Amino acid sequence: MPFKGNPAAICLIENELRDDLYQSIAAEMNLSETAFITRRDSMDFSSGSKFGLRWFTPRNEVPLCGHATLASAAVLFYMKKNVNPVLVFETMSGELYVRQHEESLIMDFPLNKPQAQDQHEVKDLLKAVVGDVPIQDVCYSPTTRKLLIRLADTCDRSALTSLKPEAEALLKNESTGKIKGVIVTMKGAPTAQPGYDFYSRYFAPWVGILEDPVTGSAHTVLAAYWSEKLSKKKMLAYQCSRRGGELGLEIRDDGRVNISGRAQTILQGTLKI
């Protein structure tokens, strides 16, 4: 839907640019991510199946971004009428695959299993993120440098939606570079409608984004965590940001995860530099 989910700017690049120019464009777009697509095996964006893909926040380049990958595939499939059933993106996180399925796009992403984290080691950061809300579990993903905080099952969903961490406090209490994003999650109510298995929010002031509305990269960690806790391979997740977003998750036998979502183009223009 328009004005929901996570916005991203997608730039189709005819020729490679300097890194500082990519960063300047991303800063100008001022969205959580700006993605740049370059051609690999074709003269155009309609017939090629393999593309280069890079993601930049307003502050720096990031190794993995889900929603901007989804948006990139949507531009190629829906606007450029790409003829291939599967698109391959060469990225800092390896090859990522995206295919169409009915009205959704399905991304084939790596699964980033988190490890148990000693709460005492990050107690000040936990306090800055959730305050006095009770915590059930804390994990850390070294691959993505994301800290996962699971709120106690006794918490109501409002405990998650009412959190208001301040960027300054988060930056003050984590300056080592070990953590680049904090996921706060809680168990959902799968018996209700539409039956979400878990809820989440994501904060990343370390890369210039206080709260990311809907993030696929965080869900590579969430999928691994909740699949183990819920003993499920298929899950429906909801990110409780102001814009909100629903994601379908399926853990595959090869240790990767399918993340499904929808995308819609709101604005179209020409980059003049």
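The values are calculated or read from the model by the stated rules, or taken from the named source; none is laboratory data. Predicted, not measured: the structure shown is a model, and the values here were computed from it. Every residue, glycine among them, receives a Cβ derived from its backbone with ideal geometry; neighbour counts consider all protein chains shown. Ligands, DNA and RNA are excluded from the accessible area calculation, which covers all protein heavy atoms including side chains. Shrake-Rupley method; radii C 1.70, N 1.55, O 1.52, S 1.80 Å.
Some values worked out for this structure:
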item	result
All positions within region 110-155 that are assigned to a strand (DSSP E or B), open to solvent by less than 80 Å² (accessible area, probe 1.4 Å) and either among the charged types (D, E, K, R) or at pLDDT 95 or above (or both)	ILE135, ASP137, VAL138, CYS139, TYR140, SER141, LYS146, LEU147, LEU148, ILE149, ARG150, LEU151
From LYS272, LYS233, residue being in contact with a strand residue (DSSP E or B) (Cβ under 8 Å, 6 or more places away or on another chain) and charged (D, E, K, R)	LYS233
Hits in region 63-88 (condition: within 16 Å of the chain's Cα centre (by Cα), surrounded by 23 or more Cβ atoms within 10 Å (Cβ to Cβ) and not hydroxyl-bearing (Ser, Thr, Tyr))	CYS65, GLY66, HIS67, ALA68, LEU70, ALA71, ALA73
Filtered residues of region 1-20 (kept if at pLDDT 95 or above and under 16 Å from THR270 (Cβ atoms))	ALA9, ILE10, CYS11, LEU12
Residue in region 34-51 that is of a type outside the set (Phe, Trp, Tyr), closer than 28 Å to ALA204 by Cβ and open to solvent by 40 Å² or more (accessible area, probe 1.4 Å) present	no
Listing of strands (runs of 3 or more DSSP E) fully contained in region 1-68 that carry 1 or more residues being within 22 Å of GLY94 (Cβ to Cβ) and small (Gly, Ala, Ser)	34-39, 50-56
Complete set of residues in region 13-33 that are of a type outside the set (S, T, N, Q), open to solvent by 30 Å² or more (accessible area, probe 1.4 Å) and closer than 14 Å to LYS272 by Cβ	GLU14, LEU17, LEU21, GLU28, MET29
